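The values are calculated or read from the model by the stated rules, or taken from the named source; none is laboratory data. This structure is a prediction, so every number in the text was calculated from the model and none was measured. Glycine gets a Cβ as well: all are built from the backbone with ideal geometry, and neighbour counts include every protein chain shown.
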């Protein structure tokens with residue numbers, strides 16, 4: 001099973017986890033499926049003996065876990081991110097089940113770091129956090145009670161990654177996705193230009209930038225595409241500045 | 001979602017469970033996937049407050065759980081049973097992965113009660129218990145550490161049952177893609193603007209527009225997105241024209 005080679009390119013990101021026991025259980029779930037890269041964004045308590053206890057023999061994953069203060073930090077260098085959520089959302093990205101998500105993650109992981117992002121046990125992921133991801137994934141659940149335990153959800157996704165690693169299509173040529181921070185820089189200059197031209201009223205920005213994020217994240221921008229887009233933006237704004 | 005109708009014919013059987021918390025977590029895992037028939041063969045402690053605590057909102061599954069003194073009792077009336085195990089066995093029955101097991105279970109559940117049998121957290125199922133089942137199923141795991149938590153294993157199998165039942169993701173909302181001609185109009189104005197600002201040399205346009213097409217077509221633009229993009233383009237070029 002060589003595809004598990006690419007598992008080192010797959011980060012499991014837990015945002016704002018409340019219970020350290022869940023961090024430990026998630027680490028165990030990851031480890032049994034062969035995944036080891038854990039990132040913790042603002043965990044309430046970590047390290048913590050309860051995390052170690054629940055990790056059982058997977059404490060190595062906890063020891064090498066990175067604690068970050070923002071999701072951006074956890075996504076540094078990542079070219080593709082999937083937001084795991086149980087809620088349906090208004091401005092939704094393409095919605096995948098865990099099997100589809102695993103397939104896409106593994107495909108991109110062959111060329112770039114990727115991330116699977118989980119929210120807080122009660123509140124899930126914020127719209128701002130989801131806006132930094134390229135896909136939304138959801139575990140099909142009973143509508144009458146759809147709230148999986150966090151580590152159980154991690155287990156399901158990691159299981160699908162392992163299943164997918166056994167069945168990767170040969171001959172597909174992977175593209176190199178742009179790094180998170182480069183895409184963010186493009187969003188920032190786009191927003192700035194739109195404010196300057198008056199297209200966005202900063203006092204009342206509506207949903208314009210979230211919509212733009214959704215569009216471009218759906219496409220998973222490649223390195224060269226981001227360069228072209230930034231070039232276009234610069235060309236358009238420079239031509240207006242000339243005459244000022 | 002009619003296939004989940006047959007879920008009432010699927011029993012989850014936990015044999016000799018040591019920790020009541022695992023019984024509660026397993027109940028929650030079942031409930032979120034729409035399964036409710038829990039049978040407990042000689043649990044060490046049940047009922048127990050820790051089981052209720054870990055079940056979260058799935059205490060109904062615990063309340064209707066049947067406590068049995070033998071596996072035979074739990075399999076009464078069942079026509080097909082799958083033994084879940086992490087160990088390879090000498091006298092092995094056909095070995096399935098969770099996906100294959102879910103498919104077979106669901107097929108038989110259309111006509112008869114079936115069972116998915118899990119062993120004790122440490123010792124697993126005895127050969128005598130496995131001998132009462134028709135198939136062995138195993139979750140593919142990292143050989144270096146293959147020991148899933150009991151409830152995590154229950155979650156994976158119940159998830160596969162729900163996937164096999166053809167469950168539809170909640171909140172899936174189909175988007176309306178923009179019509180071909182509207183997208184083409186956007187491409188035309190984009191190209192025109194880029195020529196006007198000198199970003200594209202019409203004599204030597206390179207591959208810029210094909211690349212832009214590829215990017216936006218990958219995203220499959222929606223009606224409103226095309227409108228926004230045309231608006232942005234107009235705003236940016238108008239602001240330059242003002243000064244001409």
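Could you tell me whether residue A:205 is more than 11 Å from every other protein chain (Cβ to nearest Cβ), more than 16 Å from residue B:224 (Cα to Cα) and either in contact with a helix residue (DSSP H, G or I) (Cβ under 8 Å, 6 or more places away or on another chain) or modelled with pLDDT of 90 or more (or both)? Spelling it out, it is not the case that residue A:205 is more than 11 Å from every other protein chain (Cβ to nearest Cβ), more than 16 Å from residue B:224 (Cα to Cα) and either in contact with a helix residue (DSSP H, G or I) (Cβ under 8 Å, 6 or more places away or on another chain) or modelled with pLDDT of 90 or more (or both).
Within the stretch B:85-93, identify whether any single residue is surrounded by 20 or more Cβ atoms within 10 Å (Cβ to Cβ) and outside any loop (DSSP other than H, G, I, E, B), and answer yes or no. No, the stretch B:85-93 contains no residue that is surrounded by 20 or more Cβ atoms within 10 Å (Cβ to Cβ) and outside any loop (DSSP other than H, G, I, E, B).
Against the test of being modelled with pLDDT of 90 or more and within 11 Å of chain A (Cβ to nearest Cβ), the options B:222, B:160, B:172 yield a single qualifying residue, B:160. Residues that are within 14 Å of chain B (Cβ to nearest Cβ) and assigned to a loop (DSSP other than H, G, I, E, B) within the stretch A:53-72 comprise A:56, A:57, A:58, listed in sequence order. Taking the criterion of being in contact with a helix residue (DSSP H, G or I) (Cβ under 7 Å, 6 or more places away or on another chain), more than 10 Å from chain B (Cβ to nearest Cβ) and under 12 Å from residue A:226 (Cβ atoms), the residues of the stretch A:185-202 that qualify are A:186, A:187, A:189.
Does residue A:101 satisfy being closer than 19 Å to residue A:125 by Cα, within 13 Å of chain B (Cβ to nearest Cβ), crowded, with 23+ Cβ neighbours inside 10 Å and in contact with a helix residue (DSSP H, G or I) (Cβ under 9 Å, 6 or more places away or on another chain)? Yes, satisfied.
Residue-by-condition table, conditions (1) surrounded by fewer than 20 Cβ atoms within 10 Å (Cβ to Cβ); (2) under 20 Å from residue B:130 (Cβ atoms); (3) touching a helix residue (DSSP H, G or I) at 6+ places or on another chain (Cβ under 8 Å); (4) within 13 Å of chain A (Cβ to nearest Cβ):
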| site | (1), (2), (3), (4) |
| --- | --- |
| B:24 | no, no, yes, yes |
| B:27 | no, no, yes, yes |
| B:36 | yes, no, yes, yes |
| B:39 | no, yes, yes, no |
| B:45 | yes, no, yes, no |
| B:51 | no, no, yes, no |
| B:74 | no, yes, no, no |
